[in-house]
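See below for the structure under consideration.
The values are calculated or read from the model by the stated rules, or taken from the named source; none is laboratory data. Computed from a predicted structure; not experimentally measured. A quick note on method: Cβ atoms are made from the backbone with ideal geometry, for glycine too, and the neighbour counts reach across all protein chains shown.
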Amino acid sequence: MTEHEVALACATCESSIDGCEFCEEPGCRAPICYHCLAEALGQAMAHPHAHGG
Amino acid sequence: MFDYEDGKLDWLAAGLPSEGTNAQRPRAGDIARKDVPTCRLDERLGDVRDRARGAGWDACVVLNEERVVFGLLRSKELKASPDLRIEEAMRPGPSTFRPFVSIEEMAAFMTEHDLDSSPITTSDGRLVGLLRRQDAAKAALELHEREHHSNGGQT
Amino acid sequence: MPQPIDRDEVRRLVDRGAQLVDVLPVNEYEGDHLPGAINMPLRRLEKEAGSALDRSRPVVVYCSDSA
């Protein structure tokens, strides 16, 4: 990481991120990662599974 | 017997209608403005800006022929040099949100992040509309007041 | 074993009279379900399908990966 790059952390889970997934603004004061955003907005993707019968 | 494996979430993400108690509450796709100006990648920024502002908008969504969202022009992007092609001027690959997301969540996020507008798209990226912060906040407030009053003022 | 189908096929089958069965728990069904779907949680499906469903019409089951 260069001196010009600032480490960002998700305000929810504190994981390291490149930028806010919601607003994509460099100066966001409460950046959020993709996973936490998807959880918050109920946008978790369904994955295939088999039903019985 | 058939199994719709992708299930309810896939159906809702496609912006298709549903029934149930959640369907009575406004969601992002219901409040998003369907009349948002749109443009193509190869258009001239100055022409698009004139068209958008002539329609009373300060934003424009960039689509391909299949109405898939490629980019966004908000106020800042529309102020760039008028001779730029849209592809050069736009904000590419903006964050998009599904039609079924609750309007209260969107209003809260847009306010917290100071975001003026968000494209609402189906799961395959097609534009449903542009959700403006003021519309989201108004709908969320009306919903809160409606539900607050229906509970007899109890929280 | 049920035949997997996609959303477009669901719509085609429903247009032709298919029955939609939501196998999620009742509270999830009450929140959101596909138009016209009935609720039959998985654990009741085998027992009740015979009496609750019209055998002359196709049946489409679905659930969801809720967060």
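Looking across region B:90-116, just one residue is crowded, with 24+ Cβ neighbours inside 10 Å and of a type in the set (G, A, S), and that is B:A107.
Name the single residue that is farthest from C:P25 (Cα to Cα) among those in region B:1-28 being more than 7 Å from chain C (Cβ to nearest Cβ) and buried (at least 23 other Cβ atoms within 10 Å of the Cβ).
Keep residues of region B:1-28 that are more than 7 Å from chain C (Cβ to nearest Cβ), which gives B:13, B:15-16, B:24-28.
Keeping just the survivors that are buried (at least 23 other Cβ atoms within 10 Å of the Cβ) gives B:27-28.
On the way: B:R27: 23, B:A28: 25 Å.
Only one residue tops the list, namely B:A28.
Looking only at residues in region C:28-43 that are of a type in the set (G, A, S) and at pLDDT 90 or above, which one is surrounded by the most Cβ atoms within 10 Å (Cβ to Cβ)?
Within region C:28-43, the subset of a type in the set (G, A, S) is C:31, C:36-37.
After this cut, where a residue has to be at pLDDT 90 or above as well, the list is C:36-37.
Values: C:G36: 10, C:A37: 24.
Going through the qualifying residues, I end up with C:A37.
Taking region B:105-131 as the range and being part of a strand (DSSP E or B) and among the hydroxyl-bearing types (S, T, Y) as the test, the residues that pass are B:S117, B:S118, B:T121. Remark: B:R74 matches the filter, which requires a residue to be charged (D, E, K, R), out of contact with any Leu (no Cβ under 7 Å at 6 or more places or on another chain) and under 26 Å from B:R27 (Cβ atoms). Of the residues making up region B:48-74, those that are touching a strand residue (DSSP E or B) at 6+ places or on another chain (Cβ under 7 Å) and without any contact (Cβ under 8 Å) to a residue 60 or more places away in the chain are B:V48, B:A52, B:C60, B:V62, B:N64, B:V68, B:V69, B:F70, B:G71, B:L72, B:L73, B:R74.
Could you check region C:44-67 and list, in sequence order, the residues that are surrounded by 11 or more Cβ atoms within 10 Å (Cβ to Cβ), more than 9 Å from every other protein chain (Cβ to nearest Cβ) and at pLDDT below 90?
The answer is C:R44, C:E48, C:A52, C:L53.
Here's the yes/no breakdown for (1) under 13 Å from the mean Cα position of the chain (by Cα); (2) at pLDDT 95 or above; (3) farther than 26 Å from A:A30 by Cβ; (4) among the basic types (K, R):
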| position | (1), (2), (3), (4) |
| --- | --- |
| B:E105 | no, no, no, no |
| B:L115 | yes, no, no, no |
| B:T122 | yes, no, yes, no |
| B:L143 | no, no, no, no |
| B:S150 | no, no, yes, no |
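For region C:10-33, taking the residues that are part of a loop (DSSP other than H, G, I, E, B) and within 16 Å of B:L9 (Cα to Cα), the one that is nearest to the chain's Cα centre (by Cα) is identified as C:V23.
Out of A:E5, A:E24, A:E14, I need the residue that is surrounded by fewer than 14 Cβ atoms within 10 Å (Cβ to Cβ) and at pLDDT below 90. Which one? Walk me through it before giving the result.
Numbers: A:E24 fails: surrounded by fewer than 14 Cβ atoms within 10 Å (Cβ to Cβ); A:E14 fails: at pLDDT below 90.
One residue alone meets the criteria, A:E5.
Considering region B:75-99 alone, what residues qualify as being within 14 Å of chain A (Cβ to nearest Cβ) and without any contact (Cβ under 8 Å) to a residue 60 or more places away in the chain? Matches in region B:75-99: B:S75, B:K76, B:E77, B:M90, B:R91, B:P92, B:G93, B:P94, B:S95, B:T96.
Taking C:G36, is it in a loop (DSSP other than H, G, I, E, B) and of a type in the set (G, A, S)?
It is true that C:G36 is in a loop (DSSP other than H, G, I, E, B) and of a type in the set (G, A, S).
Annotation for region B:37-47: at least one member residue is under 14 Å from the mean Cα position of the chain (by Cα) and at pLDDT 95 or above.
Here C:P25 fulfils each of the conditions (1) within 11 Å of C:V61 (Cα to Cα); (2) modelled with pLDDT under 90 apart from (1). Pairs are defined by a Cβ separation below 7 Å, a sequence spacing of at least 6 or placement on different chains, a first member in region C:17-30 that is more than 9 Å from chain B (Cβ to nearest Cβ), and a second member that is part of a loop (DSSP other than H, G, I, E, B) and of a type in the set (K, R); the pairs so defined are C:G17/C:R57; C:Q19/C:R57.
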